[in-house]
1. With an 8 Å cut-off on Cα pairs and a minimum separation of 6 or more residues, tell me the relative contact order of the range 225-348 in percent.
2. Placing +1 at every Lys and Arg Cβ and -1 at every Asp and Glu Cβ, with all other atoms neutral, what dipole size does the range 130-193 have around its Cα centre, in debye to the nearest 20?
3. Taking the beta-carbon count within 10 Å as an exposure proxy, list 114, 287, 198 from fewest neighbours to most.
4. At a threshold of 8 angstrom on Cα-Cα distance, excluding pairs fewer than six apart, so keeping six or more, what relative contact order does the range 1-137 reach in percent?
5. Using Cα pairs under 8 angstrom and six or more residues apart, how large is the relative contact order of the chain, in percent?
6. Considering only DSSP beta bridges where both residues belong to the range 2-208, give the percentage that are antiparallel (nearest 5).
7. Could you line up 99, 314, 233, 2 from fewest to most neighbouring Cβ atoms inside 10 Å?
8. Given the pairs 316/346; 223/286; 67/285; 15/52; 67/346; 185/286, which are separated by over 18 angstrom at their Cα positions?
Amino acid sequence: MIVVIPAYEPDEKLKAVVGQLKAETDYSIIVVDDGSSPACSAVFDEIGPLAKVIHHDVNHGKGRAMKTAFEYVRDSGEFPEDEGIVTVDADGQHLLADIIAVSREWEQHRDALVLGGRRFTGNVPLRSRMGNGITRFVFAITTGVRVYDTQTGLRAFSVSLIDTMLGIGGDRYEYEINQLLYCTKHHIDIVEVPIETVYLNENKSSHFNTVKDSWRIYKTIFKFMGASFVSWIVDYVLLLLFNLIFTAAFKNGAPVLFGKPLDPKLPSIVLARSASSTVNYFLNKKVVFRSANKLSYLLYVISVIVLLGANYLIIKLLTEAGVKLWLAQLIAQVIIYPFNFVIQRKIVFRERD
């Protein structure tokens, strides 16, 4: 097993982590000094005999530090592809027993990404408890995959996945959430192992910037929702506009369709959905899912037709019950959105071998 530890401004806790690993396991250890100050030189000098230490001249971020270690593993020729990599934080929050447990779990799931998932019990700082809870909720509703601890730094995967991990965007804390998003998109299994929740000294040694790094994490997740929101605005505005136009046009008599006067809401929905679906398709294909599935357009058209019919039926039922069109469309979209997302993610833009 190869242990990768990104370290920025470490203290005695890094020495303890490396010392325990060296004393209790036969794991190879790679530590990346991510541009720490000269005051930390003594720490890196002391662990030098126990681990491979790689230095960055300046701070690049946690994600970039891990990638530097991955590149070393790949390019050194020392490690076989069936070996495992486990990433560990430098601040002592990952216990030796948990590092070993995650490593052993990876041995049982060598094609998966294995996470050491904290359960946030006990004395956990409020910002950490809330941050993880919010991210867990948003991640679940946008990907359809439940991960209890989306921000854990204790993770294991195969050396054979290094090129994949290097291709994932992000150089700072957002890299870890991008890693999870990539796995959910490309159907790489995510396995969680419960671990202890350890926060030393109220987590004051953490270099996580609540505003900047939270934004880096959440902006990636919200891309999943942004495309749908833009398309919904287009659909909603055009529906109301077309309905005004067709209602006025049919004032002196509507065309007959299947023996009945044409409901102005029907062509309004069709035209509005045609425009918004075109916007939605290209946003999802190019920005959100970045899919190369050649069947995606055909599958997308089929899904639009099915959901369009459902949309019309819901609006018709609600408006006949006395609900205003603007409110009926809002209700219909709330009902349809989850189905639309699942269909696009699981069927339309699914990556196929």
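1. Values: 88 pairs, mean separation 31.0, N = 124.
Averaging sequence separation for qualifying contacts and normalising by length gives 25 percent for the range 225-348.
2. Details: 5 positive and 7 negative charges, 33 e Å.
Charge dipole, the range 130-193, about its Cα centre: 160 debye, nearest 20.
3. Values: 114 27, 287 12, 198 16.
Final ranking by Cβ density, sparse to dense: 287, 198, 114.
4. Numbers: 172 pairs, mean separation 39.1, N = 137.
The value is 29 percent.
5. Numbers: 499 pairs, mean separation 50.4, N = 353.
With pairs under 8 Å counted, the relative contact order is 14 percent.
6. Working: 6 of 26 bridges.
Percent antiparallel among DSSP bridges in the range 2-208 is about 25.
7. By the 10 Å Cβ count, ascending: 233, 314, 2, 99.
8. Working: 316/346 29 Å; 223/286 11 Å; 67/285 27 Å; 15/52 13 Å; 67/346 30 Å; 185/286 14 Å.
Table pairs above 18 Å Cα-Cα are 316/346; 67/285; 67/346.
Throughout, read-outs are computed from the coordinates displayed, never taken from laboratory work. Treat the numbers as computed from the prediction; the structure is a model and nothing was measured. For neighbour counting, all protein chains shown are included, and Cβ atoms are generated from backbone atoms with ideal geometry for every residue, glycine included.
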